[in-house]
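What follows is one structure encoded as structure tokens, with my remarks underneath.
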Amino acid sequence: MKLIQQAQIITKGNATEAMDVLFDETQIIKIAKHIDPALAEEVIAAEHKVLLPGLIDVHAHLREPGYAHKETIKSGTAAAAHGGFTTIMAMPNVIPYPDNTETMRAYLEKIKQDALVHVLPYACITKAEASKELSDMEGLSAMGIHAFSDDGVGVATADMMQCAMRKCREVDGIIVAHTEDMRYRLPKACMHEGIRSKELGLTGIPSACEYVQLQRDLKLAAETGCRYHVCHMSAQESVEALRKAKAEGLDVSGEVTAHHLLLNETAVENPNHKMNPPLRREEDRQALIQGLLDGTIDMIANDHAPHSEEEKSRGMEQAPFGIVALETAFPLLYTRFVAQEKIFTLEQLVTWMSEAAAKRFRMERKGALKEGYAADFILVDLDSVKRIDKQEFYSMGKNTPFDGVACKGFVVKTFVDGICVYDNREGLLK
Ligand SMILES: [Zn+2]
């Protein structure tokens, strides 16, 4: 057994209390004010740092197999450990697509070999995310995969989505949707259609591109009774649609990314501000914050989307969409919204980045510091200020708009199943 001594644990809001935590590789055994150190083979001094449940991200792109020049399972999960994420859900837009049991089995094997944190892969909703034919939801469900997504693209037609939701309901799964109606996206569109796209003379993506398909999906979720989760909400209208659906009692949820909470369209300067969905108006950003605060939006997810430097140097129109986020999300959100603006409490932020995902995606014994829960947790330094340095990323992707930003809240140690996999003095330990 191991013992962390005198770690600050959140009691309520921003309040913390010093506690000892005894654990082994299977679980947290005891949390108390004082635990006899003679019980443990190893004693770790928390040095007044805050102990949080390991962060959980339901939206990460690990790129492997298929795009290992952008990221690998090894580098992406190293980035997760560095950023405090102990469980991540990997999006299925890789090659070969995990849309059948055979490729899923090989994918799981690769994850088992290479991952430094827990990785739960999504399976595709439709074969090769092509919106033509359903994936083998039954077979995939039988092997323990319950979350289905075609992230990267929307499911193109209502009848295909209806079919997917019916099958998904049958296997008691959850549909996780990137909503994007391509009829609203012109060729070369690369940022939000608004004041900034006009200034830059670039083609914009209107908010309707997202919310029209979300409205469609919510109607289908009502009709089929399927559990449904919408990815990376960016528009005010999307928040309103989800709020209404929840008021009607639908089993639906939503996520927002750190970048959509932190930035609006006026920030757009270069391809490191190019992501899909795009940064939208200030009114949209405010609606997303309000959505989190009133419970319309359930959780914060990363949409960690690494690309090579060469790919991101192709200019706004040609560069691929997406930015990296696993190594910056917590410090950025903590610094801005908890420490500076005081809009969120530490407890709220941690709930949105851990427990909310565990509950919605039915991860057992995860998302909280409780006796009997998995020994997945992180020690965080909420006081020292440091600048984000993309050269320190473990991710192969350096495509961030936040390089050089001064933050608090960097991770000191990350424990996965009771084992320290990252330490800020020694680096990766696994
Ligand atoms: Zn997406």
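The values are calculated or read from the model by the stated rules, or taken from the named source; none is laboratory data. Computed from a predicted model, the values in this text were never measured in an experiment. So basically every Cβ, Gly included, is an ideal-geometry build from the backbone, and we count neighbours across all protein chains shown. Areas reflect the complete protein model, heavy atoms only, side chains present, ligands, DNA and RNA absent. Shrake-Rupley method; radii C 1.70, N 1.55, O 1.52, S 1.80 Å.
Data overview
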quantity: Enumeration of residues in the range 10-29 that are surrounded by fewer than 19 Cβ atoms within 10 Å (Cβ to Cβ) and of a type in the set (A, V, I, L, M, F, W, C); calculated: 15, 18
quantity: Members of the range 160-188 that are open to solvent by less than 10 Å² (accessible area, probe 1.4 Å), more than 16 Å from the ligand (Cβ to nearest atom) and either among the hydrophobic types (A, V, I, L, M, F, W, C) or not in a loop (DSSP other than H, G, I, E, B) (or both); calculated: 164, 165, 168
quantity: Helices (runs of 4 or more DSSP H) contained entirely in the range 198-282, each with at least 3 residues that are open to solvent by 10 Å² or more (accessible area, probe 1.4 Å); calculated: 208-224, 236-247
quantity: Selected residue (criterion: nearest to residue 378 (Cα to Cα)) from residues of the range 30-48 that are open to solvent by less than 30 Å² (accessible area, probe 1.4 Å) and in contact (Cβ under 8 Å) with a residue 40 or more places away in the chain; calculated: 46
quantity: Members of the range 119-128 found to be over 17 Å from residue 394 (Cα atoms) and under 20 Å from the mean Cα position of the chain (by Cα), listed by number; calculated: 120, 121, 122, 123, 124, 125
quantity: Qualifying strands (runs of 3 or more DSSP E) (wholly inside the range 1-98; at least 2 residues being away from the ligand (no atom under 16 Å from the Cβ) and within 19 Å of residue 346 (Cα to Cα)); calculated: 2-12, 15-23, 50-53, 55-60, 85-90
quantity: Residue under evaluation residue 78, criteria (1) farther than 28 Å from residue 233 by Cβ; (2) surrounded by fewer than 24 Cβ atoms within 10 Å (Cβ to Cβ); (3) at pLDDT 95 or above, criterion not met; calculated: (2)
quantity: Any hit, the range 151-162, residues being of a type in the set (D, E, K, R), within 22 Å of the chain's Cα centre (by Cα) and farther than 25 Å from residue 273 by Cβ; calculated: no
quantity: Selection count, the range 269-296, where residues are within 16 Å of the ligand (Cβ to nearest atom) and either small (Gly, Ala, Ser) or in contact with a Gly (Cβ under 9 Å, 6 or more places away or on another chain) (or both); calculated: 5
quantity: Single residue of the range 381-405 satisfying the filter (open to solvent by less than 50 Å² (accessible area, probe 1.4 Å) and of a type in the set (Val, Ile, Thr)) that is nearest to residue 74 (Cα to Cα); calculated: 400
quantity: Unique residue being assigned to a helix (DSSP H, G or I) and basic (Lys, Arg) when the list is 314, 336, 362; calculated: 336
quantity: Filtered residues of the range 142-159 (kept if open to solvent by 20 Å² or more (accessible area, probe 1.4 Å) and more than 16 Å from the ligand (Cβ to nearest atom)); calculated: 142, 143, 144, 146, 157, 158, 159
quantity: Residue 116, sole failed condition from (1) in a loop (DSSP other than H, G, I, E, B); (2) surrounded by 22 or more Cβ atoms within 10 Å (Cβ to Cβ); (3) more than 21 Å from the chain's Cα centre (by Cα); calculated: (3)
